[in-house]
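Visitor: Below is a structure I'd like to ask you about.
The values are calculated or read from the model by the stated rules, or taken from the named source; none is laboratory data. In this text the structure is predicted, and so the values were computed from the model without any measurement. Because the Cβ atoms are built from the backbone with ideal geometry, glycine has one as well, and the counts that use them run over all protein chains shown. Accessible surface is based on the protein model in full, side chains and every heavy atom, while ligands, DNA and RNA are left aside. Shrake-Rupley method; radii C 1.70, N 1.55, O 1.52, S 1.80 Å.
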Amino acid sequence: MKVAIIGGGPAGLYSAILLKKQRPEADITVYERNRADDTFGFGVVFSDATLDNFEKYDPPSYRRITQEFAYWDDIAVHFRGTVHRVGGNGFCGCSRRKLLLILQERARELGVRLIFETDIEDESRFADADLVVLADGINSRFRDKYATHFQPEVDLRSNMFAWMGSTRPLDAFTFIFQETEWGPFIAHAYQYEVGRSTWIFETDPETFKRAGLTGLNEKQSADRMAEIFGWFLEGHPLLTNRSMWRNFPMIRSQRWVKDNMVLLGDAKATAHFSIGSGTKLAMEDAIALADAMHRAPTVEAALTLYEQGRREEVEKTQHAADVSLVWFEHVDRFWDFDPVQFAFGVMTRAKAITYDNLTLRAPEFVGQVDRAFARHVRDRGFDVDVEKPLVPMFQPLRLREMTLANRAVVSPMCMYSADEGVPNDFHLVHYGSRALGGAGLIFTEMTCVGRDGRITPGCTGLWNDEQEQAWRRIVDFVHTNSAAKICLQLGHAGRKGATKLMWDGMDRPLEQGGWDVISASPIPYFPDSQVPREMDRAAMDKVKAEFVAAAKRGEACGFDMMELHCAHGYLLASFISPLTNQRTDDYGGSLANRLRYPLEIFDGLRSVWPSHKPMSVRISATDWAEGGITGDDAVAIARAFAEAGVDLVDVSTGQTVRDAQPVYGRMFQTPFSDQVRNEARVATMCVGNITTADQVNTILAAGRADLVALGRPHLVDPAFTMKAAAWYGAKDTFCPPQYQPGKEQSFRNSVRDRQDFEELKIKAKPKTRAELKAEATKPLAAE
Ligand SMILES: Cc1cc2nc3c(=O)[nH]c(=O)nc-3n(C[C@H](O)[C@H](O)[C@H](O)COP(=O)(O)OP(=O)(O)OC[C@H]3O[C@@H](n4cnc5c(N)ncnc54)[C@H](O)[C@@H]3O)c2cc1C
Ligand SMILES: Cc1cc2nc3c(=O)[nH]c(=O)nc-3n(C[C@H](O)[C@H](O)[C@H](O)COP(=O)(O)O)c2cc1C
């Protein structure tokens, strides 16, 4: 077998090593345009888990690599004169140059041919090769040459960054967030060998310009950085090596394989430096390729296997990198946070590290986070324990004069079980049992303001006395038997009306018994949906009057709070999104115009809703579609509602148009809540694939929302909150006297269960290499 590898970086060299081990008879050549020791950059970083992989696949190179490594366990966050350290992270740093020399040596030893100072311009010279590996890095010539086949996407990020080095020793992976007269600068720094550390500097484009960095040469810009971070560098110099400021390109390719050619490493996909995974991805690509070559009978089959098997893992890493880089791009949002909460945000930014996970590793740090959270709650007038505080989920919140005992919320969910809009025994049991289960706030499903405003024939409404009476029964039950508050969600279905019950075909038009639907513009939802009538002023006045009448009935029922549904493509959302609003009057065009009618309705509601009771608005913070609402629009929308008197923005996303492309995942809508809360400075509730109390605490402690709503988890577990209360020891969580013995038992058992769980987790966690090294170098105790 003949293999040609273009590029002698980590991906090219490691794939040469693994393939040669597998097929000693193969003729494998690596072509590299640079000289053998002519490498740019300073250090690279690997996690313990990545090193475990290297150990498994090639022990000799693993041993040489780890002999040269610097290990550390802690992450240190420097912010506004404070330092927070969190242990148990298990990272290693190594000089990029040494890593490449080790891999070159190992490849040569195995019989790989390494040809340096050879720039490959055309792969046709490898016509006789069975396999051509394109490991030619971030600016891959061959990816670009076959761009129509590989379909690469390059997302050039807004922040500027530069890679430098220093002799400053570091004993932790160090983040420094530095305020300057020009704006915030960030340093990501770590030691990679004795007397050498990597320093990546990052800043936003405006700060970059204000700091006069545009046009400076390497030396001048290093001097500017040394001025800014001089207090920390303690006289150590900053070193440069092609340390030019750039924008990071996030690269994704639709295809990785063409005939017998395969993209590996940065050529195929990049991962932002803030999660330190570029070299890891490159070397793990080489592992995946070697595995596929081992398992498949032909090169063609192996390349298909490689692409199919590897894609998910790469996309997961890229997703984590995306979330992380966005956090750094918007660091100014958190600049006024309490430093410990800020540090918690840094640690949990990419979702992999959570509140519970940190509690195990760094209980003192999480204790500080909890105390800071509780102090903030106490500053709002609550008499809470700040020395031994409850976890964030069980801290109270006040909106106007409504006090919530905890931050867990039952999200609004249509039950499609009403007849002529009247809630029945199903609804009483449904809402009642969730209130008994301990959630601080229960939302009703979207309750429609008129018969023609229903989504389906099973939706609840509030336009007549019978409905009012039925809702009053539910509200009374909640108030009499639980500590929960209950919020009425009012809405109008708009163009998504007259559709089937969820289990008969979500959003599909009714075949019989439908009614005429209205919207901002006459655009049907599905091509075969009813074409809605564009609302004229008379229709707008009529619907507004219906909203106001429903709000009055809501007050008569005794609801504690009211939400205006402006999300998910229903009537008011159809005014807000440019994809569904093509009006040419005062209600179409600019965002201010598109918001005019929803704000008019909000004003109408606010004027009849008692001033001591809060109101929220649910928005779709993105349409997940080209030309639709974006996170920045959501901030403007939230600001407009806040000015109109909204107390909380309930941040959902999408469901506006059929061809949306949502990016799902754990807590996938939380970044929008974060953006709205910390840019528009308004209280938010987040929702969407949040399934554990651990996630609830992570979101709240990081200041990404004020309340956390759970929908589907509550459908299977009405007592979600009570179980979490037992787990975290929130003893005062209300429990109806009838259920008290159950509460006592679960609180008692939880203490033991939690201890067992923590011990198991601690036992199961392998020692980090830093811990092992520290043990090995500890002096023996005197006899
Ligand atoms: C200064 C610096 C510091 C970094 N620090 C880290 C870190 O701490 N952690 C981390 O995980 N990642 C880090 N990275 C990123 C990391 O280096 C890359 O993600 C990783 O090297 C990707 O490996 P690769 O083999 O795909 O590409 P590269 O390492 O870029 O290798 C590609 C090679 O192909 C050669 N080449 C390109 N075109 C041709 C051609 N036509 N003919 C012949 N040869 C060609 C290039 O000269 C290059 O040597 C750093 C990058 C830089 C620049
Ligand atoms: C069965 C069902 C019905 C829903 N009905 C409504 C609704 O009436 N109003 C609303 O704003 N959202 C509604 N939603 C959306 C939820 O409130 C929530 O935003 C969504 O389910 C994501 O949260 P989750 O991942 O915790 O389920 C509904 C969701 C489900 C599963």
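Visitor: For the chain, find the longest principal axis of its Cα atoms and tell me its angle to the long axis of helix 278-295, 0 to 90°, nearest 10.
Guide: Long axis of 278-295 versus the principal axis of the chain: about 80 degrees.
Visitor: Could you pull out which residues in the stretch 38-58 have an amide N less than 17 Å from a spot 7 Å beyond the Cα of residue 167, following the Cα-Cβ vector?
Guide: The answer is none, because no backbone nitrogen lies closer than 17 Å to the label point.
Visitor: Please state the relative contact order of the chain as a whole percent: Cα pairs under 8 Å, 6+ residues apart?
Guide: On the way: 1613 pairs, mean separation 78.0, N = 783.
Worked out over the chain, it gives 10 percent.
Visitor: I'd like the FRET efficiency for residue 148 and residue 304, computed as 1/(1 + (r/R0)^6) with the beta carbon distance as r and R0 of 22 Å, rounded to 0.05.
Guide: Working: r = 20 Å, r/R0 = 0.91.
Computed FRET efficiency for residue 148 and residue 304 comes out at 0.65.
Visitor: Multiply the residue gap between residue 139 and residue 762 by 0.36 nm, knock off their C-alpha separation, and tell me the result in nm, one decimal place. Could the numbers behind the result be given before it?
Guide: Details: separation 623, 0.36 × 623 = 224.28 nm, distance 4.29 nm.
Result: 220.0 nm gained on full extension.
Visitor: Hey, another quick one. Between residue 511 and residue 82, with labels modelled 7 Å along Cα→Cβ, what's the label distance in nm to one decimal, could you check?
Guide: 6.3 nm
Visitor: Tell me the net charge near residue 582. Cut-off is 13 Å between Cβ atoms, residue 582 excluded, with +1 for each Lys or Arg and -1 for each Asp or Glu.
Guide: Working: positive: 495, 583, 594; negative: 534, 585.
Summing Lys and Arg as +1 and Asp and Glu as -1 gives +1.
Visitor: Quick check: pseudo-label points 7 Å beyond the Cα along Cα→Cβ at residue 401 and residue 661, how many nm apart are they?
Guide: Label-label distance for residue 401 and residue 661, simple model: 5.1 nm.
Visitor: Restricted to Cα positions, what overall size does the stretch 278-341 have along the principal axes? Three whole-Å values, descending.
Guide: On the principal axes, the stretch 278-341 reaches 59, 15, 15 Å in Cα extent.
Visitor: Measuring from label point to label point, each 7 Å out along Cα→Cβ, what is the residue 681 to residue 2 span in nm?
Guide: It is 6.9 nm.
Visitor: Another question, if that's okay. Just to verify a number: FRET efficiency for residue 252 and residue 626, C-beta to C-beta distance, R0 = 22 Å, to 0.05? Could you put the intermediate results ahead of the total?
Guide: Numbers: r = 17 Å, r/R0 = 0.77.
It comes to 0.80.
Visitor: Treating the angle as unsigned and between 0 and 90°, give the value, to the nearest 10°, between the Cα long axis of helix 631-643 and the longest Cα principal axis of the chain.
Guide: 30 degrees
Visitor: Also, quick follow-up: Which shape class applies to the stretch 126-266: rounded if a/c is under 1.5, otherwise prolate when a/b exceeds b/c and oblate if not, where a ≥ b ≥ c are the square roots of the Cα gyration tensor eigenvalues? Please report the intermediate quantities before stating the final value.
Guide: Values: a/c = 2.97, a/b = 1.97, b/c = 1.51.
Prolate.
Visitor: Continuing with this model, one more query. Against the longest alpha carbon principal axis of the chain, how many degrees, from 0 to 90 and to the nearest 10, is the axis of helix 48-57 turned?
Guide: Between helix and principal axis, roughly 50 degrees.
Visitor: For the stretch 251-318, what % of the accessible area comes from carbon and sulfur atoms, probe 1.4 Å?
Guide: With neighbouring chains kept in place, the figure for the stretch 251-318 is 44 percent.
Visitor: Right, next: First measure r as the distance between the Cβ atoms of residue 226 and residue 34, then evaluate 1/(1 + (r/R0)^6) with R0 = 35 Å and state the FRET efficiency to the nearest 0.05.
Guide: Numbers: r = 28 Å, r/R0 = 0.81.
In this case the efficiency is close to 0.80.
Visitor: Another one. Within the stretch 192-218, which residues have the backbone N less than 18 Å from the label spot 7 Å out from residue 234 along Cα→beta-carbon, could you tell me?
Guide: What the label zone holds, given the 18 Å backbone N cut-off, is 192-199.
Visitor: If you don't mind, another one. May I ask you to give the percent of accessible area on the stretch 572-721 that is carbon plus sulfur, with a probe radius of 1.4 Å?
Guide: Numbers: 2390 of 4920 Å².
Carbon and sulfur: 49 percent of the exposed surface of the stretch 572-721.
Visitor: Skip the ligands, DNA and RNA, and give the accessible area per residue of the chain with a 1.4 Å probe, whole Å².
Guide: Heavy-atom accessible area per residue stands at 41 Å².
Visitor: Hey, another quick one. Which shape class applies to the chain: rounded if a/c is under 1.5, otherwise prolate when a/b exceeds b/c and oblate if not, where a ≥ b ≥ c are the square roots of the Cα gyration tensor eigenvalues?
Guide: Working: a/c = 2.03, a/b = 1.63, b/c = 1.25.
In terms of gyration-tensor shape, prolate.
Visitor: Determine the principal axes of the Cα atoms in the stretch 1-133, then give the extent along each, sorted from largest to smallest and rounded to whole angstroms.
Guide: The Cα atoms of the stretch 1-133 stretch 61, 30, 20 Å along their principal axes.
Visitor: Taking 0.36 nm per intervening residue step and subtracting the Cα-Cα distance, what contour gain separates residue 105 from residue 311 on full extension?
Guide: Details: separation 206, 0.36 × 206 = 74.16 nm, distance 3.01 nm.
Result: 71.2 nm gained on full extension.
Visitor: Per-residue counts of other Cβ atoms within 10 Å, averaged by peptide: what ranking do you get for 47-53, 20-26, highest first? Could the numbers behind the result be given before it?
Guide: Numbers: 47-53: 16.7, 20-26: 14.0.
Answer by packing, highest mean first, reads 47-53, 20-26.
Visitor: Right, next: Using 0.36 nm times the number of residues separating residue 717 and residue 539, minus their current alpha carbon distance, what extension gain do you get? Please report the intermediate quantities before stating the final value.
Guide: Working: separation 178, 0.36 × 178 = 64.08 nm, distance 4.12 nm.
Gain in length upon complete extension: 60.0 nm.
Visitor: Quick check: net charge around residue 301, other residues with Cβ under 15 Å of its Cβ, Lys/Arg +1 and Asp/Glu -1? Present the calculation step by step, with values, prior to reporting the outcome.
Guide: Working: positive: 295, 310; negative: 130, 259, 291, 300, 307.
Net local charge, residue 301 excluded: -3.
Visitor: When the scattering of the stretch 402-505 is computed by the Debye formula from its Cα atoms alone, each counted once and equally, what is log10 I(q)/I(0) at q = 0.09, 0.17 Å⁻¹?
Guide: Calculated log10 I(q)/I(0) at the listed q: -0.21, -0.73.
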